[in-house]
Structure formats: structure tokens, C-alpha cells
Amino acid sequence: MSCQRKFWKILVLVIAGVAALGWVVMSLWNWLLPSLFTGVHQIAYVQALGLLVLCKILFGGFRGRGCHHRHHQRWEQMSEEEREKFKQGMRGWRGRWGRNERNDVADARPSAAPKDPQ
């Protein structure tokens, strides 16, 4: 499949997805909000799309792949020693946020490595 054909397929899917999501936002708004709050009116389809864009700007941003991709790149660039040091540092954070019973049980288990009978 050529790149241009793939591009058009993805574009059609994105447009269909946004259109469907706009319809879902409009339907949910018109079903829930006027009955829950006095003074809230029903909205049209175009207003639902505008609400969707506004929510994306306010809560989602336009960062592309997001922060996760950058952290994954850093992890891949770390040496084994740096990774182990990072893991040890993260294990120390678990105690600061409070321990739950599951962590206490896991820490109390004996290690799986066999011990020498010396």
C-alpha cells in the first residue's frame, strides 16, 4: 500500500472519529445537563464540536505523543548501572506514600533464591 493511500485512509478515520465523538458529546450534553441543572440549554452539533476542541485545548493540549515518549527515550539511553540506581531510588518513594498490606506481605516473603546450607 502506498503512503499516500494510507494517509487518506487515516484521514478519513480521524474525521469519522471526530464526527462520532462530537455526536456523543452532543447527545450526552442534551440528555444529562438540562435535566440536572436549571438554566442549561441543549446544544447543537457544531457547538458540541467546539466544546470538544475547547476541552482538548484546556485539558489535553497539543503535544503530539506526549511526555511518555521522552521518558522512554531517556530510559533507553541509560546504562544498566543507571537503570538500577533509578529503580533503587524509586523503591524508596514507596514508603513515603504509606505502605499498604499487599506491599508489606510482598516484602515479608523470603527470597526465591536457594540458600547455602553452610
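Quick notes
- When G61, G39 are checked against the criterion of being modelled with pLDDT under 90 and either exposed (fewer than 10 other Cβ atoms within 10 Å of the Cβ) or over 26 Å from the mean Cα position of the chain (by Cα) (or both), a single residue qualifies: G61.
- Of R94, R74, all but one fail to be modelled with pLDDT of 65 or more, surrounded by 10 or more Cβ atoms within 10 Å (Cβ to Cβ) and farther than 30 Å from G22 by Cβ; the exception is R74.
- Subset of the stretch 4-36 (residues that are exposed (fewer than 12 other Cβ atoms within 10 Å of the Cβ) and either among the aromatic types (F, W, Y) or in contact (Cβ under 8 Å) with a residue 24 or more places away in the chain (or both)): F7, W8, W31
- Evaluation of M1 against (1) among the hydrophobic types (A, V, I, L, M, F, W, C); (2) surrounded by fewer than 10 Cβ atoms within 10 Å (Cβ to Cβ); (3) modelled with pLDDT of 90 or more (one fails), failing number: (3)
The values are calculated or read from the model by the stated rules, or taken from the named source; none is laboratory data. It should be emphasised that the depicted structure is a prediction, and the values quoted were computed from it without experimental measurement. Glycine gets a Cβ as well: all are built from the backbone with ideal geometry, and neighbour counts include every protein chain shown.
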